[in-house]
Every structure is written in C-alpha cells, then in structure tokens.
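Here is the structure we will look at, set down as structure tokens.
No value in this document is a laboratory result; all are computed from the given coordinates. Since the model is a prediction, treat every value here as computed from it, not as a measurement. Every residue, glycine as well, gets a Cβ built from its backbone with ideal geometry; the counts of neighbours run over all protein chains shown.
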Amino acid sequence: MKEIIDLTAFQVVLAYIFVLIVLAIVRIRGIGREKEIFISSVRMTLQLILAGYILVYIFNNPSPWLTLLVILLMESFAVYTVLKRFINQLNRCFKIVIAISMGIGTLTCLIYFLLIVIRISPWYDPQYFIPIAGMFIGNTMTGISLGVKFLLEGMTNQRALVEEALILGATPQSASKSIINSTFEAAIMPTINSMVGMGIVFLPGMMTGQILSGTLPTTAIAYQIAIMFGILGAVALSVILMLQLGYRTFFNQESQLILP
C-alpha cells in the first residue's frame, strides 16, 4: 500500500479557496449569506480541531465511562439541534417523545451493530464506538427532523380531514394513518436515495476515508455496506417510534385534535 499523505496546516488553509469562491458568488448575486457561510466555516474548523484532540486522548486512554459520556453528549446535542429547529412548535410531550425515540432507535441499532455484527472487543472500544455512533446519530437526526417537519405540516394542512374522520367515528390512529405513512416515507427517503447512488454516483465519506488511510478497498466496501444497513435501521426505527408515539400528542383524552 502507498504511504499516507499527511496534510499540513498550510495545505488545509489552501482548501479555504473554495469558501472564498462561494463567498464571492453569494456577494455578487446579492444573496446576503456571507456572514453565515464564514461563521459556519470557522466554527466547523474549530469544532473538528477540538474533536480531534479529544479523540486522540480518548483513543489513547480507552474507558467505558469516557465512551458512554461522549455518546451521551452526541445524543443530547442531536436532540437539542432537532428541538431548536422547531422552537414554539412542539409541546412538552412531543419533545420527550423525540428524545426517547432517538435514544432507543440509535442505541439499539448501534449496540447490535457493534456487538453482533462487528463484534468489537472490548465493547467500549472508542476507535469503533464513537465514529460509528456519530454516523448513526447524525443520519437519525436528519430523519427525525424531516419526520417532525412533515408530521407538523400534515396535521396542520390536513386538519379538516382528520377532524372529519374523527367525527365519523375514526380513532386518532386511523385518522392519522395516511399522514404518518407519508411522513415516514419522506423521512427515510434521503437515506434510501444515498444507498441507491452509492458506489456508482459517489463514494461515501467513510469508505473514502478508509481507502485514503491505506485500508484495502474490499475491506472498506464491506464496512460501508454493513454501516449503511445499520444507518437505515437506526433511522427507520427512530422515525417510526417518533411517529407512533408522537401523533398521540396531537390529541387530547377525548380524542380531539389539538395543535401547538
């Protein structure tokens, strides 16, 4: 295998030319997003540098408590990010449902994947646990965000249809069934689309990173296939839990539709 090419700080700085190109485009077009693009670029850089040093320490000092703490922080930040996007649009019960659904969905699939599929030893090995957890949680966060968005829109835009079904004797579950099904489909569609184009249209980030680090392409492919199935499971399980538990927060004890 070829020797890995290390990037110096200067080489990384050279990559900022792409940010400058984007800034020039939005400024010329008068879009007015220069500040947001610049801040997000700097913030990403600082966050990744900090994460890199933290991971070096954790990898050199493996501990189940450190690994669990990192996973807890990742889950908490993912839930916070979802809730932040829907300020004043969610009631307290729905917020709890989102947190529970993300926790159960991601952790269940993550534990199965690491202990049954990959079979890491020790079980808390941060070199595997943390990066894979990040992929599961990150994709699930996107799926949950889409699910919440389309569920809110469905319940609001189709309020008359839901209330009409309730008047005719339908239960909240049957009255909301079409909304839940269409929301689930919309929430997992990005994951499915990425699977369809993977290997032909693009090479995924994890597989590319492994190949660049010197891993055999066949090994990288095996990991990527398994991880994509794990991501699909985590997203689907989290979203369906959120929908099955979340739709109930739109109805009171008398089965009347209530919206935030």
Honestly the range 142-260 on the Cα gyration tensor test (a ≥ b ≥ c root eigenvalues; a/c under 1.5 rounded, otherwise a/b vs b/c for prolate or oblate) is just prolate
Taking loop as defined by DSSP and a crowding limit of 15 other beta carbons within 10 Å, which GluC sites (Glu not before Pro) in the range 98-165 fit? none
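With a ≥ b ≥ c the root eigenvalues of the C-alpha gyration tensor of the range 1-61, is it rounded (a/c under 1.5), prolate (a/b larger than b/c) or oblate? Walk me through the intermediate numbers first.
Working: a/c = 4.36, a/b = 1.83, b/c = 2.39.
In terms of gyration-tensor shape, oblate.
Quick one: longest stretch of the chain between exposed loop chymotrypsin sites (Phe, Trp or Tyr not before Pro), exposed meaning at most 14 other C-beta atoms within 10 Å and loop per DSSP?
With chymotrypsin sites (Phe, Trp or Tyr not before Pro) excluded where exposed in loops, the chain gives 124-260 as its longest stretch.
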Which number gives the lysine pairs in the chain that have C-alpha atoms under 28 Å apart and are eight or more places apart or on different chains? 8
Taking Cα centroids, how far is the range 147-206 from the range 71-112 in Å? 18
Using all Cα-Cα distances in the chain, what percent lands in each 5 angstrom bin from 0 up to the longest? 1, 5, 10, 13, 14, 15, 14, 11, 8, 5, 3, 1, 1, 0, 0
How big is the C-alpha Rg of the range 1-121 next to the rule-of-thumb value 2.2 N^0.38 Å, as a ratio? 1.46
Among Pro172, Pro217, Pro131, which one shows the highest mean-square fluctuation when the chain is modelled as a Gaussian network with alpha-carbon springs under 10 Å? Pro217
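Rounded to the nearest 0.05, what FRET efficiency is calculated for Ala222 and Ile87 with R0 set to 41 Å and r the Cβ-Cβ distance?
Numbers: r = 42 Å, r/R0 = 1.03.
The formula returns an efficiency of 0.45 here.
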Once the dipole of the chain is set up with Lys and Arg at +1 and Asp and Glu at -1 on Cβ about the Cα centre, which of Val26, Tyr223, Ser174 lies farthest towards its positive end? Val26
